[in-house]
Amino acid sequence: MSILPHRPLSALFAALLGVALLGVALPGRAEAPCAGSFCWNVRGNYAGLEFTSLLSPPGNPCVVAWTALSNGGLGVSTDCGALFANLFQLSAYDVTARDSNVGYVAAGTLGMAKTKDTGSFWFGINDGLPPSPDARAVILHVAHPESVFCALHGGGVFLAGPKAGGGTDSLMQWTAINEGLSDLNVRALARVRGGTFMIAACDGGIWRRGNNVWSLAAPGVVANAVVIDAADSSRAYAATENGVYRSLNFGQSWIPSSTGLPPGTPINDIARRTEGPNVLYIGTRGQGVWQSVDFGASWAPFGPPLPGDNDVRAVLCAVGANQPDSASVFAGTRANGLFVSGYSTPAKPVTWGQMKDMYRR
């Protein structure tokens, strides 16, 4: 799931949930498999949904959102993930928000959708996109929040601003920014704060955009998610079909970084602990959730296997919900539901063996 921190999400989600959770009763917690004091606890009744992203705005750990396929759409919680309201009931890959009213969803083959009334009504904003766009990612232009970026599988990367005569809160006009990008099958997108470069995960490799031109940075490395470290943009990470890759030079080149992982493990998603950039989590295909405490150099299992096929499609760590050093690790699976951990690592981890029952992102 994600990419740059979506800071405006908290305002939108708070406004959405103020209305949407009224009268909503979702199933409570149920115990999933445990290993000692570590348990994965079920959230909601989402078996059958294929999760595609999990998000939480920095500084708002009790605001948690997810997107999912199979018409799962968009779910939002403002009570630390205990209850979720469904605010978009079609398949979705990604979500971002501009303010307390305006939000955007990358809705797969439906293209891009927008709300301007806190999610009560969504409408398509596909002017300028190719026919039958397959939208996989959306990123807010933080410096110009009236604009957004989207990534299409089969269409490349686009930038949208208000359409002439449409008003800033209505229709959008998209323009391709594909100069140099020969692989238009974009699976995930990341943009550094400030906009000096972007990273696109495509079917044929990882691409980098700098000085308004794309170049192929990692041929053949097929990534499902990319993350640029918000604390140090020289560091970037990719969840790939063949383990974890990382870049230490602003995405210009990439190296394998899967020490500890079973060889060839496909990685679906990667997330960073916001106040501890050395700590990362990955969701794997068949191997559950793993953690790194050394900037992705090495990995170890995080908790017991999840129910079903142990296929984690989206992962998130929300920090500070219960106390300043607490963290909740969420895992959205391929078909077996949404889970949150009941276990954590210490504030300053040294080794995996020194983990305590305290919580970690």
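Things worth noting here:
- If only residues of segment 68-117 that are among the acidic types (Asp, Glu) and within 18 Å of Gly332 (Cα to Cα) are counted, the one that is modelled with the lowest pLDDT is Asp79.
- Scope segment 251-270; condition in contact with a Lys or Arg (Cβ under 8 Å, 6 or more places away or on another chain) and of a type outside the set (D, E, K, R); matching residues: Gly251, Gln252, Trp254, Ile255, Ser257, Thr265, Pro266, Ile267, Asn268
- Condition broken by Thr274, with the remaining ones in (1) in a loop (DSSP other than H, G, I, E, B); (2) at pLDDT 95 or above; (3) hydroxyl-bearing (Ser, Thr, Tyr) satisfied: (2)
- Only listed residue being modelled with pLDDT of 95 or more and under 27 Å from Arg313 (Cβ atoms), chosen from Gly156, Gly180: Gly156
- Any hit, segment 240-250, residues being assigned to a loop (DSSP other than H, G, I, E, B), small (Gly, Ala, Ser) and without any contact (Cβ under 8 Å) to a residue 40 or more places away in the chain: no
- Verdict on Val142 being assigned to a strand (DSSP E or B), closer than 25 Å to Gly194 by Cβ and hydrophobic (A, V, I, L, M, F, W, C): no
- Verdict on Ala200 being in contact with a Phe, Trp or Tyr (Cβ under 6 Å, 6 or more places away or on another chain), buried (at least 17 other Cβ atoms within 10 Å of the Cβ), under 23 Å from Ser53 (Cβ atoms) and modelled with pLDDT of 95 or more: yes
- Segment 103-157 - residue that is of a type in the set (S, T, N, Q) and in contact (Cβ under 8 Å) with a residue 40 or more places away in the chain and, of those, surrounded by the most Cβ atoms within 10 Å (Cβ to Cβ): Thr118
- Ala11 satisfies every condition listed in (1) of a type in the set (A, V, I, L, M); (2) under 30 Å from Asn185 (Cβ atoms); (3) modelled with pLDDT under 95 except (2).
The values are calculated or read from the model by the stated rules, or taken from the named source; none is laboratory data. These numbers come from a predicted model, not from an experiment. Every residue, glycine as well, gets a Cβ built from its backbone with ideal geometry; the counts of neighbours run over all protein chains shown.
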